[in-house]
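Shown next, in structure tokens, is the structure this report addresses.
The values are calculated or read from the model by the stated rules, or taken from the named source; none is laboratory data. Because the structure is predicted, anything quoted here is derived from the model rather than measured. Neighbour counts run over all protein chains shown; Cβ positions are idealised from the backbone, glycine included.
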Amino acid sequence: MKLVFFIGFIVFVALYTISRNKAYEVMQLVDSKEYPLKKILPIGLVLLDLLNYRYNSSYDKRLHSYYSELYGIKNSRLYLKIHWANLVVVLMLEVLIISLYLGVLNGSTITPMFIVVYIMVVALTIYGITNEVKNKVRRRQLLLKLDFTEFINRIALLIDAGLTISAALEKINLQSNRPLYKEIDEMIKEIQGGKTETEALENFAHRCKVPEIFKFVSIILQTIKKGNSQTASMLRLLSNECWSMRKNTAKILGEEASTKLLFPMMIILSAILIIVITPAVLALSGM
């Protein structure tokens, strides 16, 4: 086990030395709050480059769709690389920590217990990091739905007052970092940049991927193409549906809050069991 730690440490230091001489533009996107290991993430990028990893597995495609929703198509592949670099670095650190811990207990022998423990840790790590990305997508979807309820109500009032969709959007305060208002701001920039309202609205709906927003866009596009004196009333009807959805979402969140505590408790219990049982198993295997 000490040999595993020694080899792993040498590899880690070597990769770190190589990474210091490389400049990765992708690192400019990394937020240290989101990725606490930011300073050593280039180690993972170096290793992935050495392995010539292609990022084209089914797992990568699923992650790519998540990151394209979170950060846009342009940055999705860059964030996919960051994801893998973070995962590689975390797994390498886990090898070092586990091999050092078991090496102190059991000397230099690689035991079945080490293999079992590491496989469990790897599985939990991959699951945890991937699940965190899924949770970000869910949180974004939730924020979009919650904010859209208020947004659609305001839009309905402005259109009812005689404003066009473009004028109504410009009247709404977009000074917010929340996902919906970022997407609306992007839509307005597209219109100002020369795209038609139809193109900008369709892009907006596809970026958000929320059923209620698709309905909203469908109503507005119908108004643009054919004209409809009932647009404001249709939007108010959609607004009522959104308020009902918001109430149901609040109920679901309340019910999920208690169940979310179970997973961390299971992980803590598993870690305690491993720490307690490992010395006993090693002692029995040495008899």
#### Entry: Selected residue (criterion: nearest to the chain's Cα centre (by Cα)) from residues of region 136-184 that are closer than 21 Å to residue 248 by Cα and among the β-branched types (Val, Ile, Thr)
137
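What number of residues within region 186-200 satisfy the criterion of being free of Cβ contacts under 8 Å to residues at least 12 places away in the same chain and surrounded by 15 or more Cβ atoms within 10 Å (Cβ to Cβ)?
Number of matching residues: 1.
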### Query
Say we look at region 16-59 and pick out the residues that are more than 14 Å from residue 86 (Cβ to Cβ) and acidic (Asp, Glu); which of these is nearest to the chain's Cα centre (by Cα)?
25
## Note on the structure
Checked against (1) touching a Pro at 6+ places or on another chain (Cβ under 9 Å); (2) at pLDDT below 85, residue 143 satisfies every condition except (2)
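Being assigned to a loop (DSSP other than H, G, I, E, B) and either modelled with pLDDT under 95 or farther than 22 Å from residue 15 by Cβ (or both) is the requirement here; does residue 32 meet it?
Yes.
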### Message
Cβ-Cβ under 6 Å, sequence separation 6+ or interchain: first residue in region 81-103 and in a helix (DSSP H, G or I), partner buried (at least 21 other Cβ atoms within 10 Å of the Cβ) and β-branched (Val, Ile, Thr). Which pairs?
### Response
89/43
### Task
Report whether or not residue 46 is farther than 20 Å from residue 128 by Cβ, out of contact with any Phe, Trp or Tyr (no Cβ under 7 Å at 6 or more places or on another chain) and either crowded, with 18+ Cβ neighbours inside 10 Å or not assigned by the TED database to the domain that holds residue 13 (or both).
yes
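Return the only residue of 76, 19 being in contact with a Leu (Cβ under 9 Å, 6 or more places away or on another chain), small (Gly, Ala, Ser), under 30 Å from residue 181 (Cα atoms) and in contact (Cβ under 8 Å) with a residue 12 or more places away in the chain.
On the way: 19 fails: under 30 Å from residue 181 (Cα atoms).
The conditions single out 76.
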